[in-house]
1. To make sure I understand the rule: partners must be lysines, Cα under 26 Å from the Cα of Lys623, and not fewer than 8 residues away in the same chain. Which ones qualify?
2. For Lys396, go through the lysines and keep the ones whose alpha-carbon is under 16 Å away, minus same-chain ones fewer than eight residues off.
3. What part of the accessible area of segment 220-268, given as a whole %, is carbon or sulfur when the probe is 1.4 angstrom?
4. Treating each Cα of segment 215-277 as an identical point scatterer and ignoring solvent, apply the Debye formula and state log10 I(q)/I(0) at q = 0.12, 0.13, 0.23, 0.29 Å⁻¹.
5. So what's segment 325-478 giving for Cα Rg divided by 2.2 N^0.38 Å, two decimals?
6. Using 1/(1 + (r/R0)^6) with R0 = 41 angstrom and r between the beta carbons of Ala2 and Trp217, what's the FRET efficiency to the nearest 0.05?
7. When the chain is fully extended, how far beyond the present Cα-Cα distance does Asp335 get from Val150, taking 0.36 nm per residue of separation?
8. Report the paramagnetic label zone for Lys427: residues of segment 460-488 whose backbone N is under 17 Å from a point 7 Å from Cα along the Cα-to-Cβ axis.
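The values are calculated or read from the model by the stated rules, or taken from the named source; none is laboratory data. Here the structure is a predicted model, which is why all the values come from computation and not from measurement. Here the Cβ is made from the backbone with ideal geometry for all residues, glycine too, and neighbour counts use every protein chain on show. Side chains are part of the model used for accessible areas, which takes the heavy atoms of the whole protein and leaves out ligands, DNA and RNA. Shrake-Rupley method; radii C 1.70, N 1.55, O 1.52, S 1.80 Å.
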Amino acid sequence: MAKLSASSLLELVFVSSPAIQVGGARALAVHTHIYVPDQAEEGASDAPEYHSQVYLYTLAGDDAPVQLTYNGTCNIAPAFSPDGSKIAFLSNREDGAMQLCVMPVGGGEAKVITKFERGVSSFRWHPDSKHLALVSRGDTLEPSADSPKVIVNKRYKWDGQGLLPEVDTTIYLADLAKGSVDAFVKPSGDPAQLTFSEDGKSLYYIAAADAAAEDIWQKSVWRVSLAKKSRKEVISGVLVQGITLTAGEDDLYYTAPSEVGNFASPTGLWHVAFSKSPKKRQVRCMSGELEVAPSVGGDSSYGNYPNTPTHVDGGLLINLNRAGHSGLALVDMDDGSITNWHAPDETRAVTAFAADESSGRVVMTIEHPDQPAELYLRESSGNERQLSHVNAAFTKRYKPLMPSEVQHTRAEGSEVDVPYWVLSPAKARDDEAVVVQVHGGPHANYGYRFMFEFQFLAAQGYTVVYGNPRGGSSYGHDFATVGLGGYGTHDADDVLAITNAAKAAHSNPDAPVHLTGGSYGGFMTNWLTSHTDMFQSAVTQRSICNWLSFYGSSDIGYHFAAREVAGNPWDDTDKLWQQSPLRYVANVKTPTLVIHAEYDHRCPIEQAEQWFIALRQLGVDTKLIRYPDEGHELSRSGRPDRRIHRLEAIVDWFKKHP
């Protein structure tokens, strides 16, 4: 067995974008591997990069998947035509911009359908398999990068994109027979989830009603008549994330927070009956406190992971996230009852799925704590079969570890159990050191996904402890929302309770304990090191230290902070300051490594700069590492060599502070 190193990341293959043919005979998936250039090649780049290609799976036997795409480095979002004869996908094969391509299902040369300067962001097949709807900003170029930017909207930048384009999007219709691509409708905001009615006469999509709604993340569902090109708002002003229609357009199901307007509440499945008059139309949340969208943390995925509710077996299939698990469940569309398709103690997580209503077959990507994602088939009988084995060599070579069974503890004075796991190394360090990891969000959860970072730390001899303090998702409404307006209270108590419980059960209760986390986990790292000296060292990543400046500098600050820490800088200065780690930075004694990406718009780098300068000024052992050209997703989808450097820097810091 080889020892896992940070550079072992280069050996992973990421499986994403599952799709299934009508009738269930074939499936599609995207395989992404990390290409490492041969330095002997003339003009070769010295940086590894992600290469994504589309593969076709035949589901009747055990045949190996067939690679369909070769041109370009990014071929994504494949989808079968409704008649099963063609495959559409997005590719950068020509000029670097993502364009819509179509090819025969049996393989052959793909035809590039669009030539937009701005590329295509998404598409959807029309039921006739002869047309597609697609979203693009067309050929209009942005002003020069050195031109002044006039900003009028609060939502003017976004992590991973930078300053948002000034050019509006358009929904186009492509006619494959004519070879034409014509503008169809101009939404009021960026459209998502294009969905045709079964008869093909209407197109539905999600978009904000106007800039004011976009500013506060309020999306509406729109219906457009293809004949009249007229649009109508059918669901107004909620945080809609996904939509599904019934055959006759009598009913629409969508996912949105279970408490209207509160994005901290569990993602719920909602139902609206269109057959009733608008005044009598009833909208109901069918899923209660259950989370119908997976938010289990992982760092070994790359690409698209669809989880749209889908009609199967007389119900609506969803991906249910409960207590760190995510797995398929069937919702009865009459009474809302939910039947799990997985055992409650399964140590795995479904990260994406696609279902065929006619055959009842489902293809899905599944991760285990000790196995990176692979593609699986679930038959209508319930039998499952693994389709891909792209990470078999990785798993065989490194033999990733399984964590302990879930354990529970309680903070002093609390009546709420908080879960945690322990990943023990095969060979511990001499000092038997422990690393406590805090997840981001905070409305996310740790659980049964594969975490390369945890496996890497364990391979270096560290015991890794991770859990779900209050504020996280998948444990119900009260668990997720109890900390609103009180960051650093219940949540901090729970992280300390997890740490103390793991220490007490450890083979050496006096072993050094290190602390790390990113985003909200970075906030918690800053908070705890400014309130206790129990940690040997800390690594704070893409963190928050000052809610007052975060409010106006983050892409989501003005809305997120108003909800999460319950205020704004001018009316609630003391409230935001009391929840800011910077308020207590003079208490920090813990040696702290600060890691941040320079293009992080979610938690802007000014947060790291404030924390680093304060620590340095106060004489704390500290260092700042800045990663250029990276955003908030550095640890999950950043350039591979930078991801490797980050992992090595974390371990080096822990080793230098035994």
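1. Lys589, Lys655, Lys656
2. In chain and number order, the partners are Lys3.
3. Details: 840 of 1840 Å².
Reported share for carbon and sulfur atoms: 46 percent.
4. Scattering profile of segment 215-277, log10 relative to I(0): -0.33, -0.38, -1.01, -1.29.
5. On the way: Rg = 17.8 Å, N = 154, 2.2 N^0.38 = 14.9 Å.
Normalised by 2.2 N^0.38 Å, the Cα Rg of segment 325-478 equals 1.20.
6. Numbers: r = 45 Å, r/R0 = 1.10.
About 0.35, to the nearest 0.05.
7. Numbers: separation 185, 0.36 × 185 = 66.60 nm, distance 5.10 nm.
Between Asp335 and Val150, full extension yields an extra 61.5 nm.
8. Output list for this probe position: 460-463.
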